[in-house]
Amino acid sequence: MPTTFTENPRDLAFLLSEANGLLSREAITVLSGEGKLKAGTVLGKVAYGAVSTAAKSGGNTGNGTISAPTVIGGSGAKVGVYKLRFTAATTWTLVDPEGFEVGSGANGVANANDLAFTTTAGGTPFVAGDGFDITVAAGSGKYVASPHTLTAGKEGGEIACAILAYEVDATSADAPGVAITNDAEVKKPMLVYAASVDDSTKQAAKLTQLRAVTIKAR
């Protein structure tokens, strides 16, 4: 019986066009533990690290609490300090690290803008000006096969932003690589996805994310 061989995708075979010179290509690092990634793998970047919370400088009058915040997957949350400030005993506004108000809320209601958390009243009510500073640390900036949803240790990687140009092996250590990151046209049938991106709807969502960084699949 004849032996069957399976050929892996060829390096850059998915690429239809790119910008002049090396403008579409970038040297990257693939995160250890990703295994052997094939050329054409749709990638995301680990954008976020730990999220920590502290009462605003000078402390609060009220003694209520805030649950441990987490970044909301796919939200495009920003690295830096978010400022939650109470406008009254039970209501607050949230300002992002660039100074833009991204939402408002109330005690007992889960926040759904950039960060997930809930504030809870204590025995002493909050007063206007009380608040919490929520710090989102920068992630490693390393790349992973972009998962369908937020994944622990890969926060931010759920947003597709690049395509692996050459096969790499990041099974047991970080691995250097090259990615197409912008201004390119690629062959849709030759793209490779993370195991969790397992149907056409999820794949279409990744292609939409790639369009945001000017990578168009045909």
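SER67 accessible area, nearest 10 Å², 1.4 Å probe?
For SER67, solvent-accessible area is about 50 Å².
Most mobile of GLU185, GLU98, GLU167 per a Gaussian network model of the chain (Cα springs, under 10 Å)?
Comparing GLU185, GLU98, GLU167 in the GNM, the peak value goes to GLU98.
How far apart, in nm, are the 7 Å Cα→Cβ label points at ALA68 and ALA27?
3.7 nm
Calculate, in nm to one decimal, what ASN8 and THR171 gain on full extension: separation in residues at 0.36 nm each, minus their alpha carbon distance.
Gain in length upon complete extension: 57.0 nm.
Could you compute how much accessible surface GLU26 exposes when probed at 1.4 Å, giving the result in Å² to the nearest 10?
80 Å²
Over the Cα atoms of segment 43-115, what Rg and Dmax result, in angstrom?
12.9, 46
Could you identify which residue out of ALA179, ALA162, ALA19 has the top mean-square fluctuation in a GNM of the chain using Cα springs shorter than 10 Å?
The residue that fluctuates most here is ALA19.
Using amide H atoms built 1.01 Å from N in the peptide plane, name the residues 5+ places from ALA138, or on other chains, whose amide H lies under 5 Å from its own.
GLY49
Whole-Hz ³J(HN,Hα) for each residue in segment 33-39, computed from phi via Karplus 6.51 cos²θ - 1.76 cosθ + 1.60 with θ = phi - 60°, x for glycine and proline: what do you get?
Rounded to whole hertz, the list is x, 6, x, 8, 9, 7, 4.
Between segment 145-218 and segment 84-111, what is the C-alpha centre distance in whole Å?
33 Å
With +1 on each Lys and Arg Cβ and -1 on each Asp and Glu Cβ, how big is the dipole of segment 40-106 about its Cα centre, in debye rounded to the nearest 20? Don't skip to the end; give the middle numbers.
Working: 5 positive and 3 negative charges, 20 e Å.
For this selection, approximately 100 debye.
With every protein chain in place, what's the accessible area of THR61 (1.4 Å probe, Å², nearest 10)?
Per-residue accessible area (THR61): approximately 90 Å².
The values are calculated or read from the model by the stated rules, or taken from the named source; none is laboratory data. Bear in mind the structure is a predicted one, so any value in this text is a computation, not a measurement. Positions of Cβ are generated from backbone atoms using ideal geometry, with glycine treated the same way; all protein chains shown enter the neighbour counts. Heads up: the accessible areas ignore ligands, DNA and RNA and are worked out on the full protein's heavy atoms, side chains in. Shrake-Rupley method; radii C 1.70, N 1.55, O 1.52, S 1.80 Å.
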